[in-house]
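K.L.:
Please read through the structure below; I'll follow up with questions.
Read-outs throughout are calculated quantities, based only on the coordinates presented, and are distinct from any laboratory measurement. Values in this document were obtained by computation on a predicted structure and should not be read as measured data. Heads up, the Cβs are rebuilt from the backbone with ideal geometry, glycines too, and the neighbour counts pull from every protein chain shown.
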Amino acid sequence: MKPVYVINGFLESGKTEFISFTLGQNYFQVKGKTLLILCEEGENEYAPALLAKSRTEIERIEREEDFNPAHLTELEKRHKPERIVIEYNGMWNYKDAKLPWYWKIEQQITIIDGSTFPMYYTNMRSLLAEMIRKSEMIIFNRCDTVKDQLNAYKRNIKAVNSTADVVFEDSEGEIDEILEEDLPYDLKAEVIRLDDQGYGIWYLDSLDHLERYIGKTLEFVGMVLKPEGIPEGYFVPGRMVMTCCADDMAFLGYVCEYSGAGALKPREWVKVKATVSREYWEDYNGEGPVLHAVSVEPAKTPREAIISF
């Protein structure tokens with residue numbers, strides 16, 4: 001299998017700087033050649049000395065239709081590299097990208113200019129979502145002027161890819177983690193009541209900071225989901241979330257222990273009051289949030305049944 005590293009991002013997002021930095025690191029000075037496939041021309045160019053030192057050969061693909069398995073295989077046979085790095089064109093829909101069958105994506109990273117993120121998120125959300133969806137890491141650079149927006153940026157990303165690592169950088173380097181004070185609810189409240197916006201933020205924040213919620217009591221309105229095979233006495237209350245379009249929706253919810261779960265009907269709306277714990281759950285492939293119901297009551301369908309990010 002041929003190892004492949006895909007670097008996504010819109011034009012001038014910082015992909016070239018990131019790849020140049022990576023090629024210059026000692027850990028990348030390994031045996032054999034690297035084939036760097038460039039799918040767009042940015043303002044920055046790769047230094048010839050860096051390419052020589054890292055034994056990197058460049059090939060350019062200017063048309064989206066030329067990014068196909070046959071042409072990519074031809075480039076590989078021409079250079080016989082040990083590894084392949086792809087600087088992908090942000091205006092090409094990544095969903096349509098096809099690689100030779102024996103190429104294996106080792107890592108996919110999306111680079112985002114923090115100062116222009118709102119524009120792209122508003123006007124090119126579907127393209128951005130396709131980049132983010134399969135990326136293991138999302139790096140926001142140039143965040144000096146938007147530090148008050150980073151909490152919202154992270155929620156936007158996590159709604160599309162809940163498992164991705166999200167890193168923020170300014171001119172001095174990586175920015176420390178977002179603080180509890182940025183949350184739209186009081187973690188010290190006896191009962192943390194979550195409205196529509198609050199539910200989505202709580203769900204995503206608990207993926208990274210479950211310790212903030214262990215032992216806390218939450219109250220929210222959610223839809224009942226009963227996945228196939230769920231044990232007796234459990235159900236999943238949650239909300240449908242639309243991340244970029246009507247065809248791209250996901251159900252966000254955590255398993256909840258409730259003695260009356262057997263009487264609940266799928267898709268009915270309930271008000272849940274529950275405490276949060278960290279427990280092993282098979283579907284989580286490890287430990288994660290498990291709710292323990294204090295009460296579950298019938299509820300009306302919310303005015304906005306689907307949460308948008």
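K.L.:
If you put +1 on each Lys and Arg Cβ and -1 on each Asp and Glu Cβ, how big is the dipole of the stretch 132-291 around its Cα centre, in Debye rounded to 20?
P.N.:
780
K.L.:
Angle, helix 196-208 long axis vs. longest principal axis of the chain, Cα atoms, 0 to 90°, nearest 10?
P.N.:
In the chain, helix 196-208 runs at an angle near 60 degrees to the longest axis.
K.L.:
Could I ask something else about it? Taking all pairs of different Cα atoms in the stretch 68-210, averaging 1/r and flipping that mean, what Kirkwood radius in angstroms comes out?
P.N.:
Result for the stretch 68-210 stands at 17.4 Å.
K.L.:
I would also like to ask the following. Hey, got the dipole for the stretch 65-143? About the Cα centre, +1 on K and R Cβ, -1 on D and E Cβ, debye to the nearest 20?
P.N.:
For this selection, approximately 140 debye.
K.L.:
Separate question: Which value, in debye to the nearest 20, gives the size of the charge dipole of the stretch 1-74 about its Cα centre, when Lys and Arg are +1 and Asp and Glu are -1 at the Cβ?
P.N.:
660
K.L.:
Continuing with the same structure: Which order do the peptides 123-130, 100-107 come out in when sorted by mean C-beta neighbours inside 10 angstrom, highest first?
P.N.:
Ranked by mean Cβ neighbours within 10 Å, highest first: 123-130, 100-107.
K.L.:
On a 0 to 90° scale, report how tilted helix 69-79 is relative to the longest principal axis of the chain, with both axes built from alpha carbons and the result rounded to the nearest 10.
P.N.:
The helix 69-79 is inclined about 50 degrees to the chain.
K.L.:
Still on this structure: Once each part is reduced to its C-alpha centroid, what is the distance from the stretch 232-296 to the stretch 1-62 in angstrom?
P.N.:
Value for the Cα centre distance between the two parts: 43 Å.
K.L.:
What distance in nm lies between label points placed 7 Å from Cα along the C-beta direction at ASP148 and ASN68?
P.N.:
Once both label points are built, they end up 5.1 nm from each other.
K.L.:
Of THR110, GLY24, ALA293, which is farthest on the positive side of the dipole of the chain, counting Cα position, with +1 on Lys and Arg Cβ, -1 on Asp and Glu Cβ, and the Cα centre as origin?
P.N.:
About the Cα centre, the residue reaching furthest to the positive side is ALA293.
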